[in-house]
Structures are given as C-alpha cells and as structure tokens.
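Notes for the one structure printed next.
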Amino acid sequence: MLLELTPEECELVIPVVPTRLQYAAYWSDALKSTGRIITAILVGVALLVLSRAFGEGSFLGALSFLAGFLALLYPFLWGPLYTISRRQIAFREIPYGGLFFGQVLRTRRFEVVVEEREKLDEEGELYIEEVRERQFEMEIGDETGVVYRVRAKDDPRYRRIVKKQSVLALVKAYSRDLQRRPTLSEVYVVKLGEWVGDVSYLDREAFLDMADELLELQAQGRV
C-alpha cells in the first residue's frame, strides 16, 4: 500500500540538521574517518603555526589562527554537518513522496567488489587484489504489484528477516505514482523492530508516529 504524502509531511520526518544516528553512520567507516582526522589535524596545525609566524596582533595571524581552529573542528562538526545536511536536502527536494506499507517478498546475500588494489607479489609481479563486501538485498512489495529493492551491507541482524514480514518505508520519486526513479529511506521491519539500509534519512521516531497515525486513519477509511 502506498499513501501519498504532502511535501510538508515528508519534511517533518526528513530532518536537515543531522540526528544522532546519522552522525554515528558518518563515523562508521573507520578508514575514511581516520583520513578525515589526519587531514584536518595537518591543515589545522599548519595554519596555527603560520599564525604564530605572522606575530601577535597581526590581522593575518588572527585569521590563520581562526582558520586553523575551524580546520581542527572540521571532521567532528563542520564535515558531518555539511555532508549530511546536503544529502538530506537533496532527498527532500525529490518532488513526490509516500508512505509504503508492504511485505518482504524475498531476500538474498551476495558479494560485490568494492575496491581493487595494485600489489606486488614476492617475485615483484604486479597483481590486483579485490576487496569484497557481503551485501544483503531485500525485495519488498504490496498487494497492488508495487515492488522495490533495498540493498545494504550485510549484518547478522538481517538473518531474522524472512518472507511476509511487514515493512514500512518512505518513498520519494519523480512521478506521482512513485515509480519513476524511486529512492527509499531505510526500511523498517515491523515485527523485528529493525531498520535496513546503509543511509539513514529519517527522524525515525517521528516517521513511526506518522505511519501509525496514517495507517489507523486508512483502516477507518478516512484517508
């Protein structure tokens, strides 16, 4: 079942300011996070050293000191705020939105190549090392024949997901029927209380409250 939502209803559950869970997801990739921290520290320290070179009371010195201080904060504050907010705004701007209530149709797991690295073997020969990642795919649909597919990094929690379990999601698309270039939020598996998806778009508590209200109105024939 798809229930059309107004832009205002969608905006209520798609926050622009990052939530705690969205910050946590931003930091979940340890390798990228380490790179951000190292880069910020190097730039920040360089600017702070430069500010001392300009001397106390110098306008350029004060400017360099401020820039260095802000650079040190980038991976912890400005970086996540900018990256997540830009993604949230892009999701909000997709013109049509709806609440999807359906069931799990099937699940599967498979491996994908996420990176290729050039390395040398013991004999000095160049070879390609593939870095693989295990993925989880879930196909969800409803009684009208609408079908969506959701992919995410595999997680032990997903082993409990089976066919016919009820799911909820927010769908954004470029057509009123929500079939043209659809983008799904993370998907909520109702029975398990689990969310599936690599990207978190929602204020989850607000979304579940809205879904409960709309589904109750639908059951009463008032939507």
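Extending 7 Å from the Cα toward the beta-carbon at both Tyr82 and Gln179 defines two label points whose distance is 4.1 nm. The length gained on full extension between Glu118 and Glu216, counted as 0.36 nm times the residue separation minus their Cα-Cα distance, comes to 29.7 nm. Loop-resident GluC sites (Glu not before Pro) (DSSP state other than H, G, I, E or B) in segment 130-194 with no more than 10 further Cβ atoms inside 10 Å of their Cβ: Glu143. Counting other Cβ atoms within 10 Å as a rough exposure proxy, the listed residues Ile94, Ile89 run Ile89, Ile94 from fewest neighbours to most. Between Arg106 and Glu11, the simple label model (points 7 Å from Cα in the Cβ direction) yields a spacing of 4.1 nm.
On the beta carbon distance between Asp198 and Met1, with R0 = 30 Å, the FRET formula returns roughly 0.75.
Only the coordinates and a few stated rules stand behind these numbers; no lab work does. Note that the coordinates shown come from a computational prediction; the quantities given were computed from them, not determined experimentally. Reconstructed Cβ throughout: ideal geometry from the backbone, glycine too, with neighbour counts over all protein chains shown.
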